[in-house]
Amino acid sequence: MTVDASSDTAGDAGLLSLRIDLPQGRIGPGKIDLLEAIDREGSISAAGRALGMSYKRAWDLVDALNKLLGQAAVAASPGGHRGGGATLTEAGRSLVADYRAIERAAQRAAEPRLAALMRRTRSAQTATE
């Protein structure tokens, strides 16, 4: 989960990693990070490079998202001498927004128990030192 770790509450309580399992497929931080990188970089290949993944892996994830949504998450134009490009569609932008909203809500809901877990693990670490 890529909730802002710089916030005091998130850093003190630990972070969740959120994966959503839908009947059509899974949505997790890797796919969402890829969509955000495509939006930022303007191409699937540049987004893949920025995330340390191959072009094929990036395309496979985009294809999986398109199938999961039943429509394109990314609008890609072919390369050539001018080069290609990619942008998020409205469906892609909505997916990112929904995932991040669910992620923030889950983090807020879990913070008290995560904080308790962090206290227990710190106590256990201190006891073994």
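Quick notes on this one:
- Given (1) among the aliphatic types (A, V, I, L, M); (2) assigned to a helix (DSSP H, G or I); (3) at pLDDT 95 or above, number of the condition Met53 does not satisfy: (2)
- Applying the criterion of being without any contact (Cβ under 8 Å) to a residue 24 or more places away in the chain and closer than 13 Å to Arg93 by Cα to the residues of region 32-72, the residue that is surrounded by the most Cβ atoms within 10 Å (Cβ to Cβ) is Ala37.
Here is a yes/no grid of residues against (1) of a type outside the set (A, V, I, L, M, F, W, C); (2) in contact with a His (Cβ under 6 Å, 6 or more places away or on another chain); (3) closer than 24 Å to Leu16 by Cα:
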{"site": "Lys31", "(1), (2), (3)": "yes, no, yes"}
{"site": "Ala37", "(1), (2), (3)": "no, no, yes"}
{"site": "Ile44", "(1), (2), (3)": "no, no, no"}
{"site": "Tyr55", "(1), (2), (3)": "yes, no, no"}
{"site": "Asp63", "(1), (2), (3)": "yes, no, no"}
{"site": "Ala75", "(1), (2), (3)": "no, no, no"}
{"site": "Glu90", "(1), (2), (3)": "yes, no, no"}
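- Taking the numbered list (1) touching a residue at least 24 places away in the same chain (Cβ under 8 Å); (2) part of a helix (DSSP H, G or I) in turn, Leu16 passes all entries but (2).
- Tally of residues being among the hydroxyl-bearing types (Ser, Thr, Tyr) and at pLDDT 90 or above across region 94-129: 2
The values are calculated or read from the model by the stated rules, or taken from the named source; none is laboratory data. Given the structure is predicted, the values throughout are model-derived calculations rather than measurements. Positions of Cβ are backbone-derived with ideal geometry, glycine not excepted, and every protein chain shown enters the neighbour counts.
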